[in-house]
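The values are calculated or read from the model by the stated rules, or taken from the named source; none is laboratory data. Fair warning: this is a prediction, and the values are worked out from it, not measured in the lab. Note that each Cβ is placed from the backbone with ideal geometry, even for glycine, and that neighbours are counted across all protein chains shown.
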Amino acid sequence: MEKKGMLVPVLLALAAAGIYWWVLTSKERSLAAQNERATVLVARFDLPARTIMNVDVVETREIPRMYLEQDAYEVKSQSDIKLVSNLVTMIRIPKGNQITGSALVSLSPEAGLSVKVPPGYRGCVLPLESDLLRLIKPGDRVDILVSFDAVMGDNRKEKVTATILQNVLVLGVGSNLGQGLSGSQAKAKAAAEAADQAFSEKAALSLALNPNEAQYLAL
């Protein structure tokens with residue numbers, strides 16, 4: 001009986017020690033998590049809405065992991081910085097704020113053509129035969145020619161072709177604004193565009209023109 005009576009306090013002491021150890025290690029894990037650091041992408045300066053992202057407008061910053069936003073771009077290797085390239089800001093991102101996935105959208109028609117228009121230029125859309133679009137890519141430079149029936153001195157009509165614009169920057173071809181796509185994404189996008197063009201003989205070529213050039217094109 002005396003041995004059993006002595007065993008009970010020992011068991012209680014062991015149980016108390018186990019509980020104390022569990023509480024202590026839980027607290028240590030919690031403190032370790034709070035002190036753990038993470039490297040994130042932040043805005044190097046104020047980024048207005050509809051800004052095309054690149055590595056020059058962001059920088060890395062080390063912060064406590066507990067302050068890491070849910071969809072922030074965490075940098076674990078140098079190549080992770082390039083993940084935001086060619087994405088477009090949907091909202092204004094103040095200097096020093098974390099770059100989050102919910103604030104960015106891919107460079108696509110959803111982002112709008114204006115994100116590609118250089119300062120001082122206008123975005124213009126030119127209908128073009130769909131077969132010709134396969135030969136032109138965003139970033140190319142093209143000349144624009146117009147063919148018309150000119151009335152000669154003897155009132156005879158003659159087909160004439162004249163160059164009205166030269167060295168024009170192509171912003172987009174159809175829905176392609178020059179965004180980076182993986183192989184599978186490019187294949188799916190091409191299939192969707194082919195299906196759309198099957199119902200139309202023409203597609204759209206987006207161009208960057210200054211105001212005077214835009215007037216010539218409209219004429």
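Residue check: MET90 meets all listed conditions (1) surrounded by fewer than 16 Cβ atoms within 10 Å (Cβ to Cβ); (2) at pLDDT 90 or above; (3) in the same structural domain as VAL58 (by TED's automatic domain parsing); (4) of a type outside the set (Ser, Thr, Tyr) but one, namely (2). Within segment 137-159, residues that are within 14 Å of TYR216 (Cβ to Cβ) sit with their Cβ atoms under 7 Å from residues that are small (Gly, Ala, Ser), at 6+ positions apart or across chains, in these pairs: LEU145/ALA162; VAL146/ALA162. Which of the numbered conditions does GLY123 fail, given that it passes all the others? Conditions: (1) surrounded by 14 or more Cβ atoms within 10 Å (Cβ to Cβ); (2) modelled with pLDDT of 85 or more; (3) more than 30 Å from THR163 (Cα to Cα). The single condition GLY123 does not satisfy is (3).
Only residues that are more than 18 Å from SER79 (Cβ to Cβ) and either exposed (fewer than 15 other Cβ atoms within 10 Å of the Cβ) or in contact with a His (Cβ under 8 Å, 6 or more places away or on another chain) (or both): list them for segment 45-57, please. The answer is PHE45, ASP46, PRO48, ALA49.
For (1) touching a Lys or Arg at 6+ places or on another chain (Cβ under 8 Å); (2) not in a loop (DSSP other than H, G, I, E, B), each residue gets a yes or a no:
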site	(1), (2)
ASP80	no, yes
GLY96	yes, no
SER114	yes, yes
PRO127	yes, yes
